[in-house]
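See structure below.
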Amino acid sequence: MVTMSTTSERQAIAERVRAIPASGIRRYFDLVSTIPDVISLGVGEPDFATPEQVSAAAAAPLAQADYAATHYSSNYGIMSLREALAGHLQARYGVAYDPAQELLITVGVSEALDLAARAILDPGDEVIIPEPSYVSYIPCTVLAGGVPVMVRTYEADQFEPDPAAIASAVTARTKAILLGYPNNPTGAVASRETLQRIVQIAVEHDLYIISDEIYDRLVYGGEHVCVSALPGARERTILLGGFSKAYAMTGWRVGYAAARPDILEAMMKVHQYVIMCAPSAGQLAAQAALLTAEQDVQEMVAEYDRRRRLIVDGLNRIGLPCFEPRGAFYAFPNITSTGLSADAFAEGLLREARVLVVPGEAFGPAGAGHVRCSYATALPRIEEALARIERYVRRVRG
């Protein structure tokens, strides 16, 4: 007689998956579908269309059933794209990568992050992560068997990471430091001096640096500092980037990783079994973006800058203190003066004023008392959102 095992014995979900909570953002997007006339300041996605010539670079080969657009590419990605990317990184940041051995094209920067974690982490390895941080950083670390070690950043420091705090967090189990600057959710930018001090910590303790630089082109009033271009950084840094934000290509799902050959080979080993290769048509579009869309990027950045100044000035005028974000397309105002938690503020604002923002706790405990407002939406929509927020705040304050 065959006896069936109980669900708990045979079908239990893996502990490391059960330990990961659902994204703190998801509930608000579920609510949006039930509320009419919502202005969303919640989505971290450009509202611009992909530049026409970039889409055409994929559409024409697809229409002709061109082999390069409709079949597998190399696991590493189309060579001409890797060559264009190598040229781009060299010209913009002065850091050289061999397109044959040191560049991997991925399904967005999200896959690149997952590959980096799985390639370098053994069970119990610790990863130091400045917080607030993007929602994927902790889950990717945990799913790879690592242990996230969060280091708080502070509004008083404009959410720039403190190298001394990072150094204090290093233990015998530390394997890597995971950085994301320009930052999601705060819009913070780390200075060259700060990043160089963090590199020195990594050198002293022989640590990897995983540097997520997806917002590298969205910097205002200064220049982006590429971590792998800093002295002592290149050989221990896994540089992550992509095309979603700067080129308005979120749906194309094309990112990249750049690292020394042995690290990249390890990442590719995981990539080839899980993904095979990034979508070929998307890779052709990404190549066209690098080669033809610089003017488009500059125009989009200029428009983001106008929106940035409008939303920051507006939030401060309302009485929701907001430091000046220097990167990405997020403002991170402090809402504690309303007497509400960030979660209560965000839910009330959505239900009563029909404006979607994301509570700061979705990005870790250091985000408490703040909400993330994306200004990747048109100026008139931001103006209306600010008017609705002001009315809501006045009612809350009585």
With the requirement that a residue be in contact with an Asp or Glu (Cβ under 6 Å, 6 or more places away or on another chain) and farther than 27 Å from Val219 by Cβ, what does the stretch 344-367 give you? Arg354
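Restricting attention to the stretch 375-398, which residues are in a helix (DSSP H, G or I) and either at positive phi or aromatic (Phe, Trp, Tyr) (or both)? Walk me through how you get there before you give the answer.
Filtering the stretch 375-398 for residues in a helix (DSSP H, G or I) gives 379-397.
The answer is Tyr392, and nothing else.
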Residues to consider are Ser374, Ser341, Ser337; find the one that is in contact with an Asp or Glu (Cβ under 9 Å, 6 or more places away or on another chain), surrounded by fewer than 19 Cβ atoms within 10 Å (Cβ to Cβ) and of a type in the set (S, T, N, Q). Ser341
Since Val43 meets every condition but one in (1) within 25 Å of Ile311 (Cβ to Cβ); (2) exposed (fewer than 13 other Cβ atoms within 10 Å of the Cβ); (3) among the hydrophobic types (A, V, I, L, M, F, W, C), which condition does it not meet? (2)
Among the residues of the stretch 243-276, how many are among the basic types (Lys, Arg) and under 18 Å from Arg217 (Cα atoms)? 2
Pair list, Cβ under 7 Å, 6 or more apart: the stretch 372-394 residue farther than 17 Å from Pro321 by Cα, other residue acidic (Asp, Glu): Ala376/Glu45; Ala376/Asp47; Thr377/Asp47; Ala378/Asp47
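Hey, any hits in the stretch 256-278 for a residue that's in a helix (DSSP H, G or I) and within 16 Å of Leu81 (Cα to Cα)? Break it down stepwise before answering.
Quick first cut of the stretch 256-278, residues in a helix (DSSP H, G or I) only: 261-274.
Filter once more, so that each one left must be within 16 Å of Leu81 (Cα to Cα): none.
The answer is no; no qualifying residue exists.
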Can you find, within the stretch 117-129, the residue that is nearest to Gly367 (Cα to Cα) among those that are of a type outside the set (A, V, I, L, M, F, W, C) and out of contact with any Gly (no Cβ under 6 Å at 6 or more places or on another chain)? Glu126
Of Glu111, Glu102, which residue is of a type in the set (Asp, Glu), surrounded by 19 or more Cβ atoms within 10 Å (Cβ to Cβ) and over 18 Å from the mean Cα position of the chain (by Cα)? Glu102
Can you tell me how many residues in the stretch 138-169 are farther than 22 Å from Glu204 by Cα and part of a helix (DSSP H, G or I)? 9
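For the stretch 288-342, enumerate the residues that are among the hydrophobic types (A, V, I, L, M, F, W, C), free of Cβ contacts under 8 Å to residues at least 40 places away in the same chain and in a loop (DSSP other than H, G, I, E, B). Break it down into steps so the answer makes sense when it comes.
Looking only at the stretch 288-342, we keep the residues that are among the hydrophobic types (A, V, I, L, M, F, W, C), and these are 288-291, 293, 297, 300-302, 310-312, 315, 318, 320, 322-323, 328-329, 331-332, 335, 340, 342.
From the residues that got through so far, the ones that are free of Cβ contacts under 8 Å to residues at least 40 places away in the same chain too are 302, 312, 322, 335, 342.
Across the stretch 288-342, the qualifying residues are Cys322, Ile335.
Read-outs: derived from the displayed coordinates by stated rules, not from any lab. All figures in this text were calculated on a predicted structure; none of them were measured in a lab. Don't worry about glycine lacking a Cβ; one is built from the backbone with ideal geometry, like all the others, and counts go over all protein chains shown.
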